[in-house]
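Novice: Below you'll find the structure I mean.
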Amino acid sequence: MTPSAQPEDRRALVAIDLGAESCRVSLLQWENGTPQIEMLHRIANGPVVSNGQMRWPLDRILAGIDEGLRKAAARAHEGIRSIAVDGWAVDLVRLGNIMDPNGHDAVQPLFPPFCYRDERTIATKAETEAIIPPEEFFALSGAQPLRINTVYQLLADNKAGVDPATPWLLLPEYVLHWLGARRVAEYTNATHTGLVDLQTGGWSRTLFQRLGLSIKAAPEIVHAGAIVGRLRGDLAKLPAFRETELIAPACHDTASAIAAIVQDMSETAYIVSGTWSLVGTVIDRPIGNPEALHAGFTNQGEAAGGYCFHTNVNGMWLIKQCLDYWNEQGRAIDVATLVEQASKVTDFPGLIDVDSPPLMLAGEMPARINHELQQLGLQQIPDTPGNEPVVARVIFASLAARYAIVLKNLEKLTGRSFRCITTLGGGSRNTLLRQLTEQSTGLPVHPGEVEGSTLGNFAVQLAAHHRRGTGRPLSAHEVRTWAQLLSSASLQSVATP
């Protein structure tokens, strides 16, 4: 079936996109059969450090989502058909009481959710590898055993005295649950836990049992596009929300962004450039061999049931951390100006390993970069005003060089030759990084959608509504056809930064 360019049901849709630096609420409406998308509300975000722990300001995020949804209700007089939530992976919310007085699942968190960068998982990852070696873990789950993975966070909870039977939800699905959905884990997001069986797509009983985790605490896995409930609570009393359904899109924001790519993925690689750089392509069958493990690749769920085969490379985190440091020093500079100035830098010390563990940690990033330069026998960059563009040039050139190495490994592992790269996310606007990537890889780099996660979220919602009642899962053709339609809709922002 080919989707109609003008759905019979012309009610609006809402996409909530949770980002590590900002969360966004966007509205899709139809005007004469043409989709119009507006970002209505933006919520500043970032982990909060308290008592040496990094946690997310969940109450502030939820309050901002409530405000954004009220703006959507006021704007969409035709009513809102559905809401879907995507966001970053691996972080989870442990739930308090299982049932509330009305017999519904509780939505009250047991404690504020930890940020994946919190160092509590360093010990649990090391302890886990003594039980299940990385090669076996990768063969079972297809997931690169990164210390940020949910599995190590669950084990850290156990170590801190949390009852393993305490129910949990990944963060985007928790927001859906808070809005009224049943307790689920959407497939693309579930694969980032490290606990999904690579062969069956369900929870791995082997991993749960051997690691002392409770499979009963894990939510039901559903596929992208599942309708998981109706909006409940005070928001549901607003006229626009009286019959609003809740949809689990590709809940992992990268899977949503990739769902927005309209090119033929058989010859296209992607770089999702945000806090992380995710470099890879879409494959039909997982690759779980030791070569993929040692090259740093992972098999994560794709919206239509395939696999996003990619590796994590450090990303705009490096620049953001530098900007935060310089701002604290009274040397405020914006990203656009920094990129422009860095493009004029021709003399810089050299390249660093952007994936060096110290560069994954927060605080004093220019000093961390200088330490990497020193370790390589390269000249350090004096931490003085005017040298910010030199630091930025080192970061961008090093990222581009790392992308080239990853893409060579990707071609070898998949047996493909790529003709182009599509970039998505905020980093796609960085003309210098695109130019350096073209030079390092020898491939043309096409900027994709900056808000690709939002467009992919909407594409999955439309595909889910279109195939309602057919009893079949989403197809790649369906999702990308809707994405093609939405690519003509420029995303307007009426949100205050």
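Novice: Assign unit charges at the C-beta atoms only (+1 for Lys and Arg, -1 for Asp and Glu), then state the dipole size of segment 351-476 relative to its Cα centre in Debye, rounded to the nearest 20.
Specialist: Numbers: 12 positive and 10 negative charges, 167 e Å.
Charge dipole, segment 351-476, about its Cα centre: 800 debye, nearest 20.
Novice: Got the relative contact order for segment 323-392 handy, in percent, Cα pairs under 8 Å and 6 or more residues apart?
Specialist: Relative contact order comes out at 37 percent.
Novice: Could you work out [θ]222 nm for the chain from helices alone, using -39500 (n - 2.57) per DSSP H run of at least four and dividing by all its residues? Round to the nearest 500 deg cm²/dmol.
Specialist: Calculated at 222 nm, the ellipticity per residue is -10500 deg cm²/dmol.
Novice: For segment 346-497, what's the relative contact order in percent, using C-alpha pairs closer than 8 Å and at least 6 residues apart? Intermediate values should be presented prior to the final figure.
Specialist: Values: 136 pairs, mean separation 25.5, N = 152.
It comes to 17 percent, rounded to a whole number.
Novice: If amide H atoms are built 1.01 Å from N in the plane of the peptide, which residues on other chains or at least 5 residues away come under 5 Å of the amide H of residue 196?
Specialist: For residue 196, whose amide H was placed from the backbone, the distant partners under 5 Å are 204.
Novice: Among 413, 178, 87, pick out the residue whose Cα is farthest towards the positive end of the charge dipole of the chain, where Lys and Arg carry +1 and Asp and Glu carry -1 on C-beta, about the Cα centre.
Specialist: 178
Novice: Here's another thing I want to ask about it. Have a look at 57, 13, 34 and report the one farthest towards the positive end of the charge dipole of segment 13-94, computed about the Cα centre with Cβ charges (Lys/Arg +1, Asp/Glu -1).
Specialist: Farthest towards the positive end: 57.
Novice: Suppose the chain between residue 472 and residue 378 were pulled fully straight at 0.36 nm per residue; how much longer would it get relative to their current alpha carbon spacing?
Specialist: 28.1 nm
Novice: In vacuo Debye scattering of segment 320-460, one point per C-alpha: log10 I(q)/I(0) at q = 0.20 Å⁻¹?
Specialist: After summing over all Cα pairs, the log10 values are -1.30.
Novice: Can you compute the charge dipole magnitude of segment 142-241 about its Cα centre, using +1 on each Lys and Arg Cβ and -1 on each Asp and Glu Cβ, nothing else charged? Give it in debye, rounded to the nearest 20.
Specialist: In total the dipole reaches around 120 debye.
Novice: Moving on. Can you sort 419, 368, 331, 230 by solvent-accessible area, 1.4 Å probe, largest first?
Specialist: From most accessible down to least: 419, 230, 368, 331.
Novice: Tell me, what is the percent relative contact order of segment 284-350, built from C-alpha pairs under 8 Å that lie six or more residues apart?
Specialist: About 18 percent, as a whole number.
Novice: Taking H as built 1.01 Å from N, whose amide H comes closer than 5 Å to the amide H of residue 220, not counting residues under 5 places away?
Specialist: Under 5 Å from the amide H of residue 220: 185.
Novice: For a quick check: with amide H placed at 1.01 Å from N, whose amide H comes under 5 Å from residue 251's, ignoring anything fewer than 5 positions away on the same chain?
Specialist: Those lying under 5 Å, H to H, from residue 251 are 188, 189.
Novice: Over the alpha-carbon set of segment 87-218, work out the extent along each principal axis and list the three values in angstrom, largest first.
Specialist: 46, 31, 26
Novice: From the phi angles alone, apply the Karplus equation (6.51, -1.76, 1.60; θ = phi - 60°) to segment 19-25 and give each ³J(HN,Hα) in whole Hz, x where the residue is Gly or Pro.
Specialist: Rounded to whole hertz, the list is x, 5, 10, 7, 10, 10, 10.
Novice: Any chance you could look up the accessible area of residue 344 with a 1.4 Å probe, heavy atoms only, rounded to 10 Å²?
Specialist: Roll a 1.4 Å probe over it and residue 344 shows about 150 Å².
Novice: I'd like the accessible area for residue 107: 1.4 Å probe, protein heavy atoms, all chains in place, Å² to the nearest 10.
Specialist: Approximately 50 Å² for this residue.
Novice: Which values, in whole Å and largest first, are the semi-axes of the equivalent ellipsoid of segment 252-364 obtained as the square root of 5 times each eigenvalue of the Cα gyration tensor?
Specialist: Semi-axis lengths for segment 252-364 are 32, 17, 14 Å.
Novice: What list of ³J(HN,Hα) couplings, whole Hz, do you get for segment 377-384 from phi and the Karplus terms 6.51, -1.76, 1.60, once you set θ to phi - 60° and write x for glycine and proline?
Specialist: Each residue of segment 377-384 in turn: x, 9, 5, 7, 9, x, 7, 10 Hz.
Novice: I've got another one for you. Multiply the residue separation of residue 34 and residue 242 by 0.36 nm, subtract the distance between their alpha-carbon atoms, and state the gained length in nm to one decimal.
Specialist: 72.4 nm
Novice: Now for a separate question. Would you mind pulling out the separation of the Cα centroids of segment 308-333 and segment 412-473, in Å?
Specialist: 22 Å
Novice: To continue, here is another question. Test of understanding: extend the Cα→C-beta vector of residue 337 to 7 Å, then name every residue of segment 383-413 with backbone N under 18 Å from that spot.
Specialist: The answer is 384-393.
Novice: Taking Rh as the Kirkwood radius, which is the inverse of the mean 1/r over Cα pairs, what is the Rg/Rh value for segment 162-286? Before the final figure, lay out each step's value.
Specialist: On the way: Rg = 16.8 Å, Rh = 16.4 Å.
Here the Rg-to-Rh quotient is 1.02.
Novice: Hey, another quick one. List residues of segment 416-431, by number, whose backbone nitrogen lies under 19 Å from a label position 7 Å along Cα→C-beta of residue 267.
Specialist: Hits in segment 416-431 for residue 267 at 19 Å: 416-423.
Novice: Take the alpha carbon gyration tensor of segment 118-195, find the square roots of its eigenvalues, order them as a ≥ b ≥ c, and report rounded if a/c is under 1.5; if not, report prolate when a/b exceeds b/c, else oblate.
Specialist: Working: a/c = 2.44, a/b = 1.48, b/c = 1.64.
Here segment 118-195 falls in the oblate category.
Novice: Given the whole protein assembly as supplied and a 1.4 Å probe, what does the accessible area of residue 125 come to in Å², nearest 10?
Specialist: In the full protein context, residue 125 sits at about 40 Å².
Novice: Compute, for the chain, the length of the dipole vector about the Cα centre, with Cβ point charges of +1 (Lys, Arg) and -1 (Asp, Glu) only. Units Debye, rounded to 20.
Specialist: Around 640 debye, computed over the chain.
Novice: Among 382-389, 241-248, how do they line up by average Cβ neighbours within 10 Å per residue, starting with the highest?
Specialist: Going from most to least packed, we get 241-248, 382-389.
Novice: When DSSP assigns beta bridges and you keep just the ones with both residues in the chain, what percent turn out antiparallel, to the nearest 5?
Specialist: Of those bridges, close to 65 percent are antiparallel.
Novice: Leaving out ligands and nucleic acids, note down the accessible area per residue over the chain with a 1.4 angstrom probe, in whole Å². Display every interim value, and only then the final one.
Specialist: Details: 19890 Å² over 497 residues.
Per residue, the chain has 40 Å² of solvent-accessible surface.
Novice: Please report the carbon-and-sulfur percent of the accessible area for the chain; probe 1.4 Å, protein heavy atoms only, DNA, RNA and ligands left out.
Specialist: Roughly 50 percent, rounded to a whole number.
Novice: Then there is this: Suppose accessible area is computed on protein heavy atoms with a 1.4 Å probe; arrange 221, 131 from highest to lowest.
Specialist: Reading off the accessible areas and sorting them downward yields 131, 221.
Novice: Another question about this same structure. Per residue of segment 223-234, what does 6.51 cos²θ - 1.76 cosθ + 1.60 with θ = phi - 60° give for ³J(HN,Hα)? Whole Hz please, x for Gly and Pro, Karplus curve as stated.
Specialist: 8, 3, x, 5, 8, 10, x, 10, 4, 10, x, 4
Novice: Report the FRET efficiency, 1/(1 + (r/R0)^6), for residue 75 and residue 324, where r is their Cβ-Cβ distance and R0 is 22 Å, rounded to 0.05.
Specialist: 0.05
Novice: Something else: So if R0 is 25 Å, what FRET efficiency would residue 197 and residue 123 give, r being the distance between their Cβ atoms, rounded to the nearest 0.05?
Specialist: Details: r = 26 Å, r/R0 = 1.04.
After rounding, the FRET efficiency stands at 0.45.
The values are calculated or read from the model by the stated rules, or taken from the named source; none is laboratory data. What you see is a predicted model, and the numbers here were worked out from it, not measured in a lab. When we count neighbours, we look across all protein chains shown, and the Cβ atoms used for this are built from the backbone with ideal geometry, even at glycine. Remember, those area values only see protein heavy atoms, side chains included, never the ligands or the DNA or RNA. Shrake-Rupley method; radii C 1.70, N 1.55, O 1.52, S 1.80 Å.
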